[in-house]
Amino acid sequence: MTLRRTMRAVNPLRGLIELGWTEGDDAELRLRKSTLTVAAITISVLAFVWVGTYAALGLPVAAGIPAVYQVVTVVGLVWLARTHDFRMFRLMQLGLMAVLPFVLQWAIGGFINSSVVSLWSLIAALGGVFFYGARGSLPWFALFMVLTVVSAIVDPVAAAGAPPIPQEVRTAFFALNVSGVALTTFAIVHYFVRQREAALAQSDRLLLNILPEAIATRLKRREDVIAETYPEVAVLFADVVDFTPYVVRTAPADVIRFLNRLFTAFDRLADRHGLEKIKTIGDAYMVAGGVPEPLPNPAAAVAEMALEMLDEARLCTAEGMPVRLRIGIDCGPVVAGVIGRRKFAYDLWGDPVNTASRMESHGAPDRIHVTAAVEARLHGRYRFEPRGPIEVKGKGMVETYFLVGRRG
């Protein structure tokens with residue numbers, strides 16, 4: 001038994017709501033299926049009032065019309081559960097909701113004698129917006145208007161042959177028709193909106209896992225170009241030493257577990273120090289301080305994270321997952337923004353980005369390799385070990401240092 005079937009057995013209501021779901025359904029389609037299922041079940045339960053009352057009044061035809069809806073709905077739900085043919089179930093349900101109330105109204109004697117039972121067809125007219133979209137709903141609303149006009153034309157004939165229904169029953173059914181339509185419509189809209197809000201909240205959470213919150217907000221406002229210049233940003237690159245040989249000799253699942261363990265810890269450190277994770281590329285991790293929100297001293301925040309990353313690597317090693325890191329840091333002005341329209345990404349450009357990457361690749365295992373700019377900003381607060389000038393591709397000879405630790 002699958003997990004979903006087990007959950008349905010434990011919670012029958014949830015099983016009914018998820019009746020027509022399939023593995024390939026997106027969130028929007030599942031919401032439409034669940035909403036229509038909820039509406040069909042609600043109307044079927046309420047229909048017992050009409051079936052019982054008309055049967056008690058000796059009106060078998062009037063009692064049989066809502067009973068037909070109940071029977072066809074049960075058959076339709078079984079069909080949906082077995083075939084997952086939502087298109088047929090949708091067409092059948094909206095067709096019944098649109099036509100049967102008018103048929104019942106004509107059978108009982110028109111608007112007054114039926115207590116305007118045709119109001120129930122509004123659910124199909126309005127439901128078409130949810131289940132077919134804005135354009136697809138137009139035929140259902142047009143059908144409602146046509147049937148209303150036809151009812152007005154035939155009403156004198158229907159009223160002439162109306163069966164006797166007590167005034168008290170007509171009054172009660174008028175209240176039930178108005179309140180029932182209002183209740184069902186409210187239930188559909190309320191359920192749809194709640195589920196849509198939950199889906200949007202999940203979408204927002206996913207978006208915030210990709211982009212900084214401030215950038216995500218601007219993107220949702222549909223800004224065409226999101227790009228800013230930041231005068232003082234610290235950029236860190238970290239890379240796992242000898243990761244390629246590790247991948248060759250390790251099972252894929254273990255490789256993913258290893259990276260997830262390590263990078264999740266790095267994410268926590270970034271959050272703790274107010275830094276922005278930019279991206280991961282294979283076994284490389286990039287983080288920045290001072291974007292998109294400025295920091296008083298981004299170089300210090302990044303330095304703190306770098307030292308704690310080495311601590312985390314030692315902890316992983318103690319847990320049986322040997323980790324050695326090369327870390328490079330530089331700071332200065334950068335440009336940051338969002339690129340792409342599909343699988344978009346927030347990224348940085350500028351000399352500190354390239355130089356920090358070079359610091360990592362020209363560094364040493366278990367060391368934090370930094371530029372003179374970083375050393376100058378942190379001088380007196382941290383201990384550094386001069387490495388001397390080194391040849392850096394694209395920059396020539398560059399004075400660099402190893403960040404050793406904090407002072408005091």
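Between the amide H of residue 21 and any residue lying 5 or more places away or on another chain, no distance stays under 5 Å, with hydrogens modeled in the peptide plane.
Taking 7 Å steps out from each Cα toward its Cβ at residue 171 and residue 241 produces label points 9.1 nm apart. Rounded to the nearest Hz, the phi-derived 3J(HN,Hα) couplings of region 119-134 under the Karplus curve 6.51 cos²θ - 1.76 cosθ + 1.60 (θ = phi - 60°) are 4, 4, 5, 4, 4, 5, 4, 7, x, x, 5, 6, 9, 10, x, 4, where x marks glycine and proline. Distance from the Cα centroid of region 321-383 to that of region 25-76 is 64 Å (rounded to whole angstrom).
All alpha carbon pair distances within region 3-208 were sorted into 5 Å bins beginning at 0; the resulting P(r) in whole percents reads 1, 7, 14, 18, 18, 14, 10, 7, 5, 3, 1, 0, 0, 0.
Across region 213-406, how large is the tail of the calculated P(r) beyond 31 Å, expressed as a percent of all Cα pairs?
Working: 3432 of 18721 pairs.
Value for region 213-406: 18 percent of Cα pairs lie more than 31 Å apart.
Karplus-derived 3J(HN,Hα) values for region 356-364, using 6.51 cos²θ - 1.76 cosθ + 1.60 with θ = phi - 60°, are 4, 5, 5, 4, 5, 5, 9, x, 9 Hz; glycine and proline are entered as x. Around the amide H of residue 279, modelled in the peptide plane, lie the amide H atoms of 286, all under 5 Å away and 5 or more residues distant in sequence or on another chain.
In this structure, the amide hydrogen of residue 382, modeled 1.01 Å from its nitrogen in the peptide plane, lies closer than 5 angstrom to those of 407, counting only residues at least 5 positions away or on a different chain. Take 173-182, 229-238 and order them by the average number of nearby Cβ atoms within 10 Å per residue, most first; the result is 229-238, 173-182.
Rg over Rh for the chain works out to 1.25, both radii taken from alpha-carbon positions and Rh defined as the Kirkwood radius. Pull up the cross-link candidates among the aspartates and glutamates for residue 393, meaning alpha carbon to alpha carbon under 14 Å and not fewer than 8 places away within one chain. Result set, ordered by chain and number: 351, 360. Projected label points at residue 179 and residue 404, each 7 Å from Cα along the beta carbon direction, are separated by 8.3 nanometres. Here the simple spin-label model places points 7 Å from the Cα toward Cβ, and for residue 263 and residue 138 these points are separated by 4.7 nm.
Counting only Cα atoms, the size of region 61-165 along its three principal axes is 45, 30, 15 Å, in decreasing order.
Report the calculated FRET efficiency for residue 190 and residue 293 (r = Cβ-Cβ distance, R0 = 45 Å), to the nearest 0.05. Taking R0 as 45 Å, the efficiency between residue 190 and residue 293 is 0.75.
For the chain, the 222 nm mean residue ellipticity estimated from helices alone, with every DSSP H stretch of n ≥ 4 adding -39500 (n - 2.57) and the total spread over all residues, rounds to -21000 deg cm²/dmol.
What is the calculated FRET efficiency for residue 228 to residue 55, with r their C-beta to C-beta distance and R₀ = 56 Å, to the nearest 0.05?
0.20
If R₀ is 22 angstrom, what is the calculated FRET efficiency for the pair residue 148 and residue 45, using the beta carbon separation as r and rounding to 0.05? Provide the component values of the computation, followed by the final result.
Working: r = 26 Å, r/R0 = 1.18.
After rounding to 0.05, the efficiency reads 0.25.
Here the peptides 344-355, 147-158 are ranked by packing, the mean other Cβ count within 10 Å, and the order with the highest first is 344-355, 147-158.
The charge dipole of region 3-208, taken about its Cα centre with unit charges on the Cβ of Lys, Arg, Asp and Glu (plus for the first two, minus for the last two), comes to roughly 460 debye.
For the chain, what is the percent of antiparallel DSSP beta bridges, rounded to the nearest 5? Present the calculation step by step, with values, prior to reporting the outcome.
On the way: 42 of 47 bridges.
Just about 90 percent of them are antiparallel.
Each value in this text was obtained by applying a stated rule to the coordinates, not by laboratory testing. What you are looking at is a predicted structure, and each value in this text was computed from that prediction instead of being measured. We place every Cβ from the backbone using ideal geometry, glycine too, and count neighbours over all the protein chains shown.
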